[in-house]
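Quick note: the coordinates plus some simple rules give every number you see, no bench work behind them. Because the structure is predicted, anything quoted here is derived from the model rather than measured. A quick note on method: Cβ atoms are made from the backbone with ideal geometry, for glycine too, and the neighbour counts reach across all protein chains shown.
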Amino acid sequence: MDHEPTDPVIDALRRAVASAPHDVALRVHLGRLLLDAGRTAEATAEAAAALAAEPTDTAAGTLMLDTLRSGSAPVSSATPSSATPSSAPPSIAPAETADDRTSFDWHAAEQEVEHLVGPAFVDDLDDDDPDLPSAFSVEDPGTRFADVGGMEHVKQRLNAAFLAPLANPELRALYGKSLRGGLLLYGPPGCGKTFIARAVAGELGARFLSVAITDVLDPYIGASERNIQAVFEAARAAAPCVVFFDEVDALGQRRSQTRSSHVRGMVNQLLTELDGISGGNEGVFVLAATNQPWDVEPAMRRPGRLDRTVLVLPPDAPAREAVFRTHLRDRPLEGVDVGVLAKRTEGFSGADIAYVCEVAAERALMDSVASGTARLIGMPDLLDALAEVRPSTRSWLETARNVVLFGEDDGTYADLRAYLKKSKR
Ligand SMILES: Nc1ncnc2c1ncn2[C@@H]1O[C@H](COP(=O)(O)OP(=O)(O)OP(=O)(O)O)[C@@H](O)[C@H]1O
Ligand SMILES: [Mg+2]
């Protein structure tokens, strides 16, 4: 009694969608048929996939709304004829009797949509890789470059520095490009430095070691130095790979600023390892990120160490549009114009925009709970959320301006200088 309801038209449409996954109209059509057949969970999955591809598509939005309305219909155990008709009352919790709840077969429903949605729990860590010590674990490869909105310039630089050389050993040999070097990402908080580093991890998989400062700092004399050494030993063993130090200002503070001798010793050890004196760093790239580049030990930026710097700026309008799309794509939307939102969010960081989307979703959710009727997230929610959030990059740019104006010009902040000049700060 538990097998999939079959319907030749639906099956044919499903095959068509599988071969043209980006055809939103086709997907909406399939979703509509599924909904009419009472297969609500599958219809919801199609609506979500259509909205992910085209967040502003009104037909997809309406379908999502309709599937939300017929919310509690049983899925896979129901044959089309016995399924709840789509004229079910437009309500959420109240329509669901205690009986419905116990008879709803989540397991079967999950199986039915498993080719459309990812599994609920995943275990991506590759436990049986003997080369990697557990303290410096491999990043979760969930984020990819495609998830990062905008930032084309930064993507290009990362591609040239790490991704292309790692992916093309023959070309590397042809051009005699060495497999080593370091790159420092810097810029205002919340603009995606950590985020894009995770995307590099997603692109590289096991060849990315992320080092948390808490893994390295140790109050016992000499222990932090040994930890740094262990990080680089692990990296050399896993080469070719990228080692990522986040918030590197805390790790590599100016030696003159730190009174504590063991932090100083650790910084010295880090410099030694960056030079690869004790073990040759061929195949080890170092990526670091900071929002306080002026606190980073200047010796760390000498040639052969973190010698390349890339400024990660607050997103411009097209990038903000992309960030909005990223953060709205898995949410039920209606009539959202990301162009307008992008225009109104000058000075917002990626994190600010993520927060705006969160607040807007919260408003729609609370409304739906209060009225008992599910509704889609619309422009009014987002515009109200915008009014609540203050852009957070201004104070950083103020500080940066002071450093750039009053500090010596050794070329380190050339792109920051150019940006501040262009934006007349
Ligand atoms: N380009 C982007 N595309 C999509 N989301 C983004 C983007 N930039 C930032 N975000 C969102 O903002 C959040 C914060 O970004 P992230 O932590 O990378 O900032 P950061 O530059 O590392 O800040 P900090 O200097 O404070 O560490 C991310 O988790 C992500 O949700
Ligand atoms: Mg960060």
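A straight chain from Thr399 to Ala237 at 0.36 nm per residue would run longer than the Cα-Cα distance by 54.3 nm.
Between Glu388 and Lys155, full extension at 0.36 nm per residue minus the direct alpha carbon distance yields a gain of 80.8 nm. Counting beta carbons within 10 Å around each of Leu274, Leu420 and listing the fewest first gives the order Leu420, Leu274. One compactness figure for segment 317-388 is 1.05, namely its Cα radius of gyration divided by 2.2 N^0.38 Å. The phi-based Karplus calculation (6.51 cos²θ - 1.76 cosθ + 1.60; θ = phi - 60°) puts the 3J(HN,Hα) values of segment 298-309 at x, 5, 5, 9, 5, x, x, 9, 8, 7, 9, 10 Hz, whole numbers, x for Gly and Pro.
Around the amide H of Leu185, modelled in the peptide plane, lie the amide H atoms of Ala288, Ala289, Thr290, Val310, all under 5 Å away and 5 or more residues distant in sequence or on another chain. In a fully extended conformation the segment linking Asp415 and Asp218 would gain 67.3 nm over its present Cα-Cα distance, using 0.36 nm per residue. Residue by residue, segment 384-398 carries 3J(HN,Hα) couplings of 5, 4, 4, 5, 7, 9, 8, x, 9, 8, 4, 5, 5, 5, 4 Hz when phi is fed to the Karplus relation 6.51 cos²θ - 1.76 cosθ + 1.60 (θ = phi - 60°); x denotes Gly or Pro.
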